[in-house]
Amino acid sequence: MSSDLTPKIKFRLNGIDMEKEVPAGWTLLRYLREELGLTGTKCGCEIGECGACTVLMNGKPVNSCLVMAPQIENASIWTIEGVTPPGGTALHPVQKAFIECDAVHCGFCTPGMVMTTIGLLLQNKKPDNSQIKQALAGNLCRCTGYIQIFEAVRLAAAMISENDMRPFRENISEN
Amino acid sequence: MSVVGKRVARAEGSERVKGAGLFADDYKYFGMLHAAVVRSPLARGEIRKIDFKTIAKIPGVAGILTYKDIPGRNCVPIVIDDQSFLAERYVNYIGEPIAIVVAENRQTARLAAAQAKISIEELPPLLNPLEALNHPKIHLFGNDNIYKHIHIHRGDVKKAFADCDVIIENEYHTPYQEHAYIEPQSMIAIPFPDGSIEIRGSMQCPFYVRKAITTILGLPENKVRVIQCATGGGFGGKEDVPSLLACQVALPAWIFKRPVKLIYDRTEDMMVTSKRHPAYIKYKSGATKDGILRAVEAEYIIDGGAYSTLSAVVLFRGSVHAIGPYKCENVDVHSYAVATNKVPTGAFRGFGSPQILFAVESQMDQLAEKIGMDPVMFRKKNILRVGDTTVTGQKLEYSVGLEETLDKVIEKSGWTPGKSKEDGVGYGISTIYYGVGLGAGGKSMARTGARVLVHADGSVLFSVGTTEIGQGMTTVLSQIVADELGAPLDWISMMPTDTSRVPDSGPTVASRSTTMSGNALKDACIKIKSVLLEEAASMLDCSTGDIIFDEGIVTGGGKTIKLLDVIKSCFAKRLPLSAEGWYITPSTSWDDNTGQGDAYVVYAWASNLAKVKVDKETGEVNLLKIWAAHDVGKAINPALAEGQIEGGTLQGVGYALMEDMTTNADGAIRNPEFSTYIIPTASDQPEIVPIIVEHPFPGGPFGAKGFGEQPLMGVAPAIANAVYDAVKVRIKDLPITPEKVWQGLKNK
């Protein structure tokens, strides 16, 4: 790392408590991808316009390119890697719904779409069509025309149980 | 049970939903450097002095390279070799590459590139193609600044116009359209000690990339291996541009003997990479009062930017589609691709046809109105059917489903012309066609290879030279291989496209992958299947003609065995179960001098019906619904075909209503970010009804023909026609912004 490090900060990443020095001048996106090797979070514009880098921060979808790494102190962060644990084959119902509805074309926006969908379903178990459109409006997709993505969100909403969502809720209230 | 025609899940689905690190920027190599490009700040000028002393001292900068460091030829070959890899003396557009900086990390490389000091003596630029055409003094290309001129001529236009009862004459303009793939351009070069080099990146055309690298490094083709990474959208934007990026990483990798990665910053990507050509169209068409299209005269000018790149072939497609899918015996079309001092324009879904089809379909509605005929009836009187002849004199023998697409959108919508509607609501139609594949424009490139390997455990691996860019090629080709071999779909997988595995198979463009690679795979599978058949016949003790292969089960002579046992038996007997396939398209009879002949082997067809509501106070167009019917020959996977229709249609909606990229007075792109160049978001998404029509193409795998580009092509005119139907305002200049509609309402 070629940036000044902060003193050790505590945060929770994909359900695991961490205590690390983080680069002060880096974005969370860069920290995830370049330091932690979590390349599932994609970089599409670096200025908060495309949503490809969406992660959950305390249960809410955020553009990780607009969050500075030190800002995650005491926060709970979930990335796409936490949705399906490394080496795991069992997909989360949201992921299954995306496959089932052919909501994945080139796949570059997909991890961000999945994280935004989880964020939406954490707040609203049965979103209506306009709530789905509004929730996904910050995640650009140039391939699908969004219809199959909306179908995937509706299917996911029908499939998920509280068990599927519980991990993403942990520690949120403490922060 | 066949899997062709089934809605099977996308092959890469589970990797993509997990965010598996398969895109170029996800790869990391030991000792890897990062590149950034030093670019021209001026639209036209002569380079006087380059001073890299300051940036060379920035900690982390490993080196700076210019054209002087190129071991081979300083050229990025595309169609004509007029584009340098790195500028030598002159620069011709804002963003033209001059030097490459490499550094230990991306941020340092970008910072250093931005601080490079280059002194350029400014020369007056040509920014308007209408001024550039035949400019008396400034010659950017040849003596006339024309990259290509095409003339299509049939019958006697002058005489025919004299016989017309109605004539409509207009000028149209269409702007740039940016691809806005969500993954920016990305490339890595890895040099090896044996003198070979590997390129991995985001791309549509690995064989174009290989040619570029052999050119600039002076290497033979067997020393350059190009492998496609997962590619986050292309739409034409990753046809020729990746060749530039590959050169920009290969040169420093070659010189410094270290892997080099280059990812374009989004703003850079939108500033300097290709886009849809802006177009200026003069269009005159005439009809008789009984509704027969009699004559078309058009001038079609496209702004090619500073280098020719793909403009000549873009112009070819636009010209062939210049009267739309209609019969017309008297045609005179002159089209020109013109050089200007702006970013080179290139391939984008539709490839020169959406611009002219906007004019064609706007004209059709105006002619219909002037005759007093409804726009559907007028089209029905003129559309091409089997047995008819196209504008280039090509007789259509098969697979012409246009009328059915038109009937289907009417039927599904419940709309009929003249039906009463709410105030401010309008309906608009477009009927279009698309010449599938490279056609006569592709010449020797119209071939593909494939390789199929059946392993002893039954698993099958295939390789093709075309690429997966999100359109679903891998899935569709896997379905074709499964059915051709009679094997279950989950036995089949595809290697990432790699130039070392198959012969040069041309580019992944022109909606050609399903038909071209599908046919090449079929050829390979037939060879393997004949070995399997012989073996099965001896195992079942019956003749090969009595045997049926079906998803892993082989039946014949009243008995059933497993395909896996047949495969094992072949391996035990050392019989070969791998084969190479090859496919070339039938030759076309196009004559560049007369503009006549068979332009494409087969055409796809489509009708769009748009329903809008226009706000009469603000001019805002609210697109309520769009019905899009496409004749695809045969949908190998209907879910994927519908996905292509929906996604392409929404890109067409963006082109029609919101995507408005322009240049400033200096010739720079004015709005190179997603906050200023607005593409449709989830909240802009209208209701889209995809409709698949199937008129099989005898030369396609299982009757399929390509159509991936077509969904975008007819959307803008359908919406423009709907706006007119709603408020009687005719917009001839895309996009259809509230300001233009409001102005039109005010001027009435």
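See the values below:
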item	result
Per-pair calculated FRET efficiency, R0 = 51 Å: B:Thr54 and A:Glu19 via Cβ, rounded to 0.05	0.80
Rounded to the nearest 20 debye, dipole of the range A:93-169 from Cβ charges on Lys, Arg, Asp, Glu	180
Coil-residue GluC sites (Glu not before Pro) of the range B:143-239, DSSP, other Cβ within 10 Å capped at 15	none
B:Asp82 long-range amide H proximity, modeled H, under 5 Å	B:Ser308
Karplus (6.51, -1.76, 1.60) ³J(HN,Hα), θ = phi - 60°, over the range B:196-204, in Hz, Gly and Pro reported as x	10, 9, 10, 10, 10, x, 8, 6, 9
Of the GluC sites (Glu not before Pro) in the range B:309-398, those whose Cβ has at most 14 other Cβ within 10 Å and which sit in DSSP loop	B:Glu397
Which of B:Asn143, B:Pro97, B:Ile58, positive extreme of dipole for the range B:1-147 (C-beta unit charges)	B:Ile58
Relative packing of peptides B:490-499, B:250-259, B:337-346 - highest average C-beta neighbours within 10 Å first	B:337-346, B:250-259, B:490-499
Of A:Thr116, A:Thr79, A:Thr89, the one that fluctuates the most in a GNM where chain A has Cα springs shorter than 10 Å	A:Thr89
Given charges at Cβ of Lys, Arg, Asp, Glu: chain B dipole, positive-most of B:Phe378, B:Ile692, B:Leu575	B:Leu575
Extension gain (nm, one decimal) between B:Lys159 and B:Gln743, 0.36 nm per residue minus Cα-Cα	206.5 nm
Distance from the range B:471-519 to the range B:234-289 (C-alpha centre basis), Å	25
At R0 = 51 Å, FRET efficiency that the Cβ-Cβ distance of B:Asp541 and B:Glu15 yields, to 0.05	0.70
Of B:Ala716, B:Leu262, B:Thr309, farthest towards positive along the dipole that unit charges on Lys, Arg, Asp, Glu beta carbons give chain B	B:Leu262
Residue-span extension gain [B:Lys68 to B:Asp144] - 0.36 nm each, minus C-alpha spacing	24.3 nm
Cα centre as origin, Lys/Arg/Asp/Glu Cβ charges: the protein assembly as shown dipole, Debye	700
Where GluC sites (Glu not before Pro) fall in DSSP loop in the range B:609-683, at most 10 other Cβ within 10 Å	B:Glu617
Mean Cα-pair separation over length for chain A, i.e. relative contact order, pairs under 8 Å, 6 or more apart, %	23
Average Cα contact separation per residue, the range A:93-169, under 8 Å, 6 or more apart, as relative contact order %	50
Helical segments meeting 30 Å axial Cα length and Kyte-Doolittle 0.0 threshold in chain B (DSSP H)	B:513-540
For a label point 7 Å along the Cα-to-beta-carbon line of B:Phe30, residues of the range B:241-281 with backbone N under 13 Å	B:259
Distant-in-sequence amide H partners of B:Gly581 (H built 1.01 Å from N, under 5 Å)	B:Ala450, B:Arg451, B:Val452, B:Ala524
Top of A:Met115, A:Met165, A:Met57 by mean-square fluctuation, Gaussian network on chain A, Cα under 10 Å	A:Met165
Local electrostatic count at A:Ile118 - Lys and Arg +1, Asp and Glu -1, tallied over other residues with Cβ under 11 Å	+1
From phi via Karplus (6.51, -1.76, 1.60), per-residue ³J(HN,Hα) for the range A:137-146 in Hz, x at Gly/Pro	5, x, 10, 7, 10, 9, 9, 7, x, 6
Simple Cβ-charge dipole of chain B, Lys/Arg +1 and Asp/Glu -1, about Cα centre, in debye nearest 20	1020
Surrounding net charge for B:Gly142, when Lys and Arg each add one and Asp and Glu each subtract one, Cβ distance under 15 Å	-1
Relative contact order for the range B:447-584, counting Cα pairs under 8 Å that sit 6 or more residues apart, in percent	35
Between 0 and 90°, nearest 10: helix A:147-159 axis offset from chain A longest Cα axis	90
Vicinal HN-Hα couplings computed from phi for the range B:15-29 (Karplus, 6.51 cos²θ - 1.76 cosθ + 1.60; Hz; Gly/Pro x)	5, 5, 5, 8, x, 3, x, 10, 7, 4, 5, 7, 8, 9, 10
Amide hydrogen neighbours beyond the local backbone of B:Tyr90, cut-off 5 Å, H modeled	B:Ile47
In nm, spacing of pseudo-spin labels at B:Asp615 and B:Arg574 (7 Å Cα→C-beta vector)	7.8
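Laboratory data are not the source of any read-out in this text; all were calculated from the coordinates shown. Fair warning: this is a prediction, and the values are worked out from it, not measured in the lab. All Cβ positions, glycine included, derive from the backbone under ideal geometry; neighbour counts span all protein chains shown.
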